[in-house]
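Report on one structure; see the data block that follows.
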Amino acid sequence: LFAGQVEFLKGVVAMDGLPPADRAEVCFAGRSNVGKSSLINALTGQNRLARASNTPGRTQEINYFVLGPEHYLVDLPGYGFAEAPKPVVEKWQRLLKAYLAGRQTLRRAFVLIDARHGAKKVDEEIMTLLDGAAVTFQVVMTKVDKTRGRALEDSLARTREALARHPAAFPEIVLTSSEKGEGLETLRAIVADL
Ligand code: GDP
């Protein structure tokens, strides 16, 4: 699935801009700066792929990538920017809700969480949206190279506690480091199996 070229298809700002729901898709969500672009780039082996979604103006778009002949990879806007103007935040929350609830072909959402911090309140807000939309989600810990041992155990424990509160949560957490390549093969295999 990840062997071939992965191509940027389009940035979507409204529901009517979504491509036809004619193939399976997975989406990636996470707080700004969690390492989402780095992870998408590392997964696909393409350095600049997810950069587009990180440039100003693109950040509120749902970015679609074509993954193999039969899948879409969807990069959701980073959340948790306190300084974003309220109308902007509300607009993207509406779009996100509509997308999650209405996209029949969405197989799983990956919620990225910084291994140093574990699940925070904003992450749980997204998890609640996913529960409401009945979209199975799986937590992917990012930047595990930055934390080991007790600190990682604590953040995992906190995250597992949070997951227990969310019926749409898939129990298994994937540990990754885009920097070191850790967990990438595991995550690719999970996506390919969906
Ligand atoms: P995004 O806003 O979620 O797309 O985050 P980025 O992918 O732009 O990453 C945010 C920052 O974290 C950048 O400085 C990255 O270099 C750094 N980063 C991302 N992934 C890793 C990782 O696996 N390990 C380390 N040590 N740093 C990372």
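Residues that are more than 19 Å from Asn33 (Cβ to Cβ), away from the ligand (no atom under 16 Å from the Cβ) and without any contact (Cβ under 8 Å) to a residue 40 or more places away in the chain: does segment 101-108 have at least one? Within segment 101-108, one or more residues are more than 19 Å from Asn33 (Cβ to Cβ), away from the ligand (no atom under 16 Å from the Cβ) and without any contact (Cβ under 8 Å) to a residue 40 or more places away in the chain.
Set side by side, the residues Ala134, Ala164, Ala157 differ, and just one is within 21 Å of Glu25 (Cα to Cα) and either exposed (fewer than 14 other Cβ atoms within 10 Å of the Cβ) or in contact with a Pro (Cβ under 7 Å, 6 or more places away or on another chain) (or both), which is Ala134.
If I ask for residues that are assigned to a helix (DSSP H, G or I) and loosely packed, with under 14 Cβ neighbours inside 10 Å, which ones from segment 75-92 would you list?
Selection gives Lys86, Pro87, Val88, Glu90.
In segment 168-183, the qualifying residues are those that are within 15 Å of the chain's Cα centre (by Cα) and under 8 Å from Gln138 (Cβ atoms), and the one that is surrounded by the most Cβ atoms within 10 Å (Cβ to Cβ) is Ala169. One residue stands out among those in segment 20-50 that are over 18 Å from Lys120 (Cβ atoms) and in a strand (DSSP E or B): the one that is farthest from the ligand (Cβ to nearest atom), which is Ala24.
Any read-out appearing in this document is the output of simple, stated calculations on the displayed coordinates, not a laboratory observation. Every value quoted in this text rests on a predicted model; they were computed, and no experiment measured them. With ideal geometry, Cβ positions are generated from the backbone for all residues, glycine too; neighbour counts draw on all protein chains shown.
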